[in-house]
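What follows is one structure encoded as structure tokens, with my remarks underneath.
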Amino acid sequence: MKLNDLSLGILALLCGGGIYLSALQFSPIPGQAYGAETMPTTIALV
């Protein structure tokens, strides 16, 4: 089965949304201006 561009785009959006939602549950690092969720959130938004 071949995936077309639309299917791959939808899959990428769903994966990005899943990464973003799971990164929101990471606990903050004490004493830091940013937490453990910063890098996964950035990757999900790109």
Residue 31: out of contact with any Pro (no Cβ under 7 Å at 6 or more places or on another chain), in a loop (DSSP other than H, G, I, E, B) and either loosely packed, with under 12 Cβ neighbours inside 10 Å or of a type in the set (Ser, Thr, Tyr) (or both), yes or no? yes
State whether one or more residues within region 39-46 are in a loop (DSSP other than H, G, I, E, B), modelled with pLDDT under 90 and loosely packed, with under 11 Cβ neighbours inside 10 Å. yes
Among all residue pairs at least 6 apart or on different chains, which show Cβ distances below 9 Å where the first residue, located in region 24-46, is within 30 Å of residue 9 (Cβ to Cβ) and the second is among the acidic types (Asp, Glu) and surrounded by 10 or more Cβ atoms within 10 Å (Cβ to Cβ)? 24/37; 25/37; 26/37
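Can you name the residue in region 10-28 that is of a type in the set (A, V, I, L, M) and in contact with a helix residue (DSSP H, G or I) (Cβ under 6 Å, 6 or more places away or on another chain) and is also surrounded by the most Cβ atoms within 10 Å (Cβ to Cβ) among such residues? Working first, answer last.
Our first condition is that a residue be of a type in the set (A, V, I, L, M); within region 10-28, this holds for 10-14, 19, 21, 23-24.
Retained after the next criterion (residues that are in contact with a helix residue (DSSP H, G or I) (Cβ under 6 Å, 6 or more places away or on another chain)): 19, 23.
Numbers: 19: 15, 23: 18.
Across region 10-28, the extreme among qualifying residues is 23.
Is it true that some residue in region 9-21 is outside any helix (DSSP H, G or I) and among the hydrophobic types (A, V, I, L, M, F, W, C)?
No, because not a single residue in region 9-21 is outside any helix (DSSP H, G or I) and among the hydrophobic types (A, V, I, L, M, F, W, C).
The values are calculated or read from the model by the stated rules, or taken from the named source; none is laboratory data. As the structure is a prediction and not an experimental result, all values here were calculated from the model. Note that we place each Cβ from the backbone using ideal geometry, even for glycine, and neighbour counts take in every protein chain shown.
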